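This report refers to the structure that appears directly beneath it.
The values are calculated or read from the model by the stated rules, or taken from the named source; none is laboratory data. Here the structure is a predicted model, which is why all the values come from computation and not from measurement. Note: ideal-geometry Cβ built from the backbone for every residue, glycine included; neighbour counts use all protein chains shown. The accessibility values were calculated without ligands, DNA or RNA, using every heavy atom of the protein model including side chains. Shrake-Rupley method; radii C 1.70, N 1.55, O 1.52, S 1.80 Å.
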Amino acid sequence: MKNRIDVITLGCSKNLVDSELLMRQLVANGYTVEHDPEDPRGDIAVINTCGFIGDAKEESINMILEFAEAKKAKRVKKLLVMGCLSERYMNELQAEIPEVDRFYGKFAWKSLISDLGKSYYKDLEFDRSLSTPPHYAYVKISEGCDRTCSYCSIPIITGKYKSRPIEEIEEEVRRLVSQGVREFQFIAQDLTYYGLDRYKQMKLPELVERVADIKGADWIRLHYAYPAHFPTGLLRVMRERENVCNYLDIALQHISDHMLEKMRRNITKQQTIDLIAKFREEVPGIHLRTTMMVGHPGETEQDFEELLEFVKQTRFERLGAFPYSHEEDTYCDKNYTDDVPAGVKQERMNVLMELQESIAAAINESKVGKTLKVIIDREDPEYYVGRTEFDSPEVDGEVLIEKQTPLKTGEFYDVKITSAMPFDLIGIVSL
């Protein structure tokens, strides 16, 4: 379709924000833009890629190849690729997939606009065409990462940590509130480091408090904290501010001191246990989401048993796991052998997730009979579907609300929980 651009986003919500910024500029230049269309029919396709781990890279390459075939079949006239994968493997990709008209690095997407013969509108620099439902948005507070975890390729792709100014983030939130956004997911590769590069001190507590003062910012949720040197002043803000969700996404990766040292996580098992105890003591009812990695080089059966015991004792409200992936140019690649067989990695992940399912089911069961504040995301044929402050979009469970009375998307309701499944809740609106 002439003058239509299809934008496909792969990977994390940080990529999604980049796509939304690009889409706003394209709309300002007169294009019709579709995000992740079921039926791509644009003259031009832009694929925003992920390059984090093996599976994500494979998904990105398969998507590029699919569109390369569409271009050969003359269904697409122009194919452009941006994001983390092309930032990291630009030369190889250009040689391997000549059907792509141009590759752009993660931070070079603005030149995509001028290559289309269009203008970049500086006054729309922070404006976005939201791809999410209109009541929530992701807010990226920084780029890059200064951590040196053994397994991670992110610092290689994105470079040094770069905090955005507090005032700029406040302005973005105000603008989004004026457009009807009520819920804000703060995202960064590492939230906790925020401010160190720009202000020479950790400023996340101040940033969250200042955004919490903005009228209309009804929920603020925090994603991707780092456990070492955690800014504990944040806990006071979470406790005192009604609109800061009692939810923290903090990737711990492992618990055995042997593995934490090999992973270069700069924290010990005891410090981790103490930190979690502090979270739960200072913010009663906090829900913790974490991620664990299995099969990192050197992980023994004993290390894995220690991890299982820790998860069993700690009872995380939300937990995801993934098998280690050996990424080139990382510390692991240069210093360790990928010595845990793939089958063992998969088996360990299955055992861990099975344990977590039983924990999550019991935690959900304990909510039956309680009344929780829920935001409505959408209407399905049988239910209204919403989330509590303890549920982030896409990654956590949902609340299925029986259709007894008409509800509005994007509005908050008090919902009485009537039954529970391992990951979702069922309820009715308390009138």
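Observations, loosely collected:
Here's the yes/no breakdown for (1) in contact with a Cys (Cβ under 9 Å, 6 or more places away or on another chain); (2) under 17 Å from LEU431 (Cα atoms):
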| position | (1), (2) |
| --- | --- |
| ILE363 | no, no |
| THR371 | no, yes |
| ILE376 | no, yes |
| PRO381 | no, no |
| SER392 | yes, no |
| ILE401 | no, yes |
| GLY410 | no, no |
| ASP414 | no, yes |
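- Those residues of segment 216-229 which are farther than 30 Å from TYR413 by Cβ and under 19 Å from the mean Cα position of the chain (by Cα), in sequence order: TYR226, PRO227
- Number of positions in segment 4-37 that are within 18 Å of the chain's Cα centre (by Cα), assigned to a loop (DSSP other than H, G, I, E, B) and of a type outside the set (D, E, K, R): 3
- Enumeration of residues in segment 388-399 that are of a type outside the set (Gly, Ala, Ser) and touching an Asp or Glu at 6+ places or on another chain (Cβ under 6 Å): GLU398
- Residues in segment 70-98 that are part of a helix (DSSP H, G or I) and under 29 Å from the mean Cα position of the chain (by Cα): 11 in all.
- Near pairs, Cβ below 7 angstrom, 6+ apart or cross-chain, from segment 389-418 (in contact (Cβ under 8 Å) with a residue 40 or more places away in the chain and more than 28 Å from GLY320 (Cβ to Cβ)) to any residue that is surrounded by fewer than 17 Cβ atoms within 10 Å (Cβ to Cβ) and among the β-branched types (Val, Ile, Thr): ASP414/THR371; LYS416/THR371; LYS416/ILE428
- Residues of segment 133-158 satisfying the condition of being of a type in the set (S, T, N, Q) and under 21 Å from TYR331 (Cβ atoms): THR148, SER150, SER153, THR158
- If you go through segment 309-335 and keep only what is buried (at least 16 other Cβ atoms within 10 Å of the Cβ) and among the polar types (S, T, N, Q), you end up with THR314, SER325, THR330.
- Condition check for ALA321: free of Cβ contacts under 8 Å to residues at least 60 places away in the same chain and over 20 Å from GLN346 (Cβ atoms): no
- Note on segment 1-17: residues that are modelled with pLDDT under 90 and closer than 20 Å to GLN189 by Cβ amount to 6.
Residue-wise test of (1) among the acidic types (Asp, Glu); (2) open to solvent by 10 Å² or more (accessible area, probe 1.4 Å).
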residue: LYS72; (1), (2): no, yes
residue: ARG75; (1), (2): no, yes
residue: LEU79; (1), (2): no, no
residue: ARG88; (1), (2): no, yes
residue: GLN94; (1), (2): no, yes
residue: GLU99; (1), (2): yes, yes
residue: SER111; (1), (2): no, yes
residue: ASP115; (1), (2): yes, yes
residue: LYS118; (1), (2): no, yes
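- Condition met for LEU65 (open to solvent by 50 Å² or more (accessible area, probe 1.4 Å) and touching a residue at least 12 places away in the same chain (Cβ under 8 Å)): yes
Conditions tested, residue by residue: (1) farther than 30 Å from PHE322 by Cβ; (2) of a type in the set (Phe, Trp, Tyr); (3) part of a loop (DSSP other than H, G, I, E, B).
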residue	(1), (2), (3)
ASP146	no, no, yes
ILE156	no, no, no
LEU176	yes, no, no
PHE184	no, yes, no
THR192	no, no, no
MET202	no, no, yes
VAL211	yes, no, no
LYS215	yes, no, yes
ILE220	no, no, no
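- Segment 2-13 residues that are within 13 Å of ILE64 (Cβ to Cβ), paired with ones that are among the small types (Gly, Ala, Ser) (beta carbon under 8 Å, 6 or more apart): ILE8/ALA45; LEU10/ALA56; LEU10/SER60; LEU10/GLY83
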